[in-house]
1. Thr199 is checked against (1) at positive phi; (2) in contact (Cβ under 8 Å) with a residue 60 or more places away in the chain and fails just one. What number does that condition carry?
2. Checking Pro73 against (1) surrounded by fewer than 21 Cβ atoms within 10 Å (Cβ to Cβ); (2) assigned to a loop (DSSP other than H, G, I, E, B), which single condition isn't satisfied?
3. Can you name every residue in the stretch 65-118 that is of a type in the set (S, T, N, Q) and within 27 Å of Glu189 (Cα to Cα)?
4. In the set Tyr130, Tyr164, Tyr172, which member is assigned by TED's automatic domain parsing to the domain that holds Val68, within 13 Å of Leu107 (Cβ to Cβ) and touching a Phe, Trp or Tyr at 6+ places or on another chain (Cβ under 6 Å)?
5. Residues Ser88, Ser83, Ser63: which one is at pLDDT below 95 and in a helix (DSSP H, G or I)?
6. For the stretch 155-168, state whether one or more residues are free of Cβ contacts under 8 Å to residues at least 40 places away in the same chain and among the basic types (Lys, Arg).
7. Can you tell me how many residues in the stretch 201-218 are charged (D, E, K, R), crowded, with 17+ Cβ neighbours inside 10 Å and within 17 Å of Val286 (Cα to Cα)?
8. Restricting to the stretch 265-313, name every residue that is modelled with pLDDT of 95 or more, in a loop (DSSP other than H, G, I, E, B), within 16 Å of Asn187 (Cα to Cα) and not charged (D, E, K, R).
Amino acid sequence: MAKRALITGITGQDGSYLAEHLLSLGYQVWGLTRGQANPHKMRVQKLASELSFVDGDLMDQGSLVSAVDRVQPDEVYNLGAISFVAMSWQQAELVTEVNAVGVLRMLEAIRMVSGLTTSRQAADGQIRFYQASSSEMFGKVTESPQNEQTVLHPRSPYGVSKAYGHLMTRNYRESYGMFGVSGILFNHESPRRGPEFVTRKISLAVAQIKLGLQKELRLGNLDAVRDWGFAGDYVRAMRLMLAQDEPVDHVVGTGRVHSVRDAVRIAFECVGLNWEDHVVVDPALVRPAEVELLCADSTRARENLGWEPSIDFPELMQMMVESDLRRAGRERDYAEVLSAGSW
């Protein structure tokens, strides 16, 4: 019988890649969505038409209990979150409700549907839970690269909210014997990344500038350094974590770092332009408390899961730039057709 997976955040970058991956392995995949009018629901359905959907909200305990009870999943992947770090300073309470308390609500829903009250009740066949933790939890790092034992020192409300969910997942594992794991994922990007994130902001601007539709790209701290990988690679690690005999947290990243300046340079080189002719540093875009360097030590994931990234950072940026060039070109051509009255 096919395994059943329930994914929160199904309409986001990671959710769509994970859904495709699980479907390719023969899973029945359900996505948790808020209401029938979700504008992103049709987009993910086009990518994976075999998906099923169930209503639910990470801010509503009852809806999560109902969703888990209806789907009866073998695995739950909690990817739903407000994931734009910069926004977390403006809406710290909302980010906390969704990213932190939302994890607790989902853990409680699983516990209630499973009937767990003590760790002695855990048994084979229980619902397995994956929590999307984040490298932003490390924040002001005490060592580099960062591994599963590195001290957490988040530097944003987003990082704090993720630390709460991470530690709560560990607590339910230790308190109830729940098969709950956290994937501490470092930055992972793709052509499906939201336009507010810096790599996609760069690739979109490069495409627009190359086609003469935009003149400059405004960015904040060009010296921030990150470990960037391809989202399609990282969702493979999520599934592998839930396929292990024992629940163990894993850091997932490439172990290679690049600055925002590197990302800009690589992206502009993809279209034969000099980035310094087009990039403007805007102090208003600098975070109140910056995380300067994040680099993953994924030794455990490589040894325990057999996981390896398949795409390096220059390839990733080229993929994103080429995708946005195609999209921008189609939009420009369509606009020209409309303006000419040829339709």
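1. Going through (1) at positive phi; (2) in contact (Cβ under 8 Å) with a residue 60 or more places away in the chain one by one, Thr199 breaks only (1).
2. Going through the list (1) surrounded by fewer than 21 Cβ atoms within 10 Å (Cβ to Cβ); (2) assigned to a loop (DSSP other than H, G, I, E, B), Pro73 breaks only (1).
3. So the first thing to find is which residues in the stretch 65-118 are of a type in the set (S, T, N, Q), and the list is 66, 72, 78, 83, 88, 90-91, 96, 99, 114, 117-118.
Listed by number, the residues that qualify are Asn78, Ser83, Ser88, Gln90, Gln91, Thr96, Asn99.
4. Working: Tyr164 fails: touching a Phe, Trp or Tyr at 6+ places or on another chain (Cβ under 6 Å); Tyr172 fails: touching a Phe, Trp or Tyr at 6+ places or on another chain (Cβ under 6 Å).
After applying the criteria, what remains is Tyr130.
5. On the way: Ser83 fails: in a helix (DSSP H, G or I); Ser63 fails: at pLDDT below 95.
Going through Ser88, Ser83, Ser63 in turn, just one is at pLDDT below 95 and in a helix (DSSP H, G or I): Ser88.
6. Checked against the condition, which is being free of Cβ contacts under 8 Å to residues at least 40 places away in the same chain and among the basic types (Lys, Arg), the stretch 155-168 yields no hits at all.
7. First, the residues of the stretch 201-218 that are charged (D, E, K, R): 201, 210, 215-216, 218.
Within this subset, residues satisfying the condition of being crowded, with 17+ Cβ neighbours inside 10 Å are 201, 210.
Keeping just the survivors that are within 17 Å of Val286 (Cα to Cα) gives 201.
Selection size over the stretch 201-218: 1.
8. Cys295, Ser298, Pro309, Ser310, Ile311
The values are calculated or read from the model by the stated rules, or taken from the named source; none is laboratory data. The shown structure was predicted, so the numbers you read here are calculated from the model rather than taken from an experiment. Heads up, the Cβs are rebuilt from the backbone with ideal geometry, glycines too, and the neighbour counts pull from every protein chain shown.
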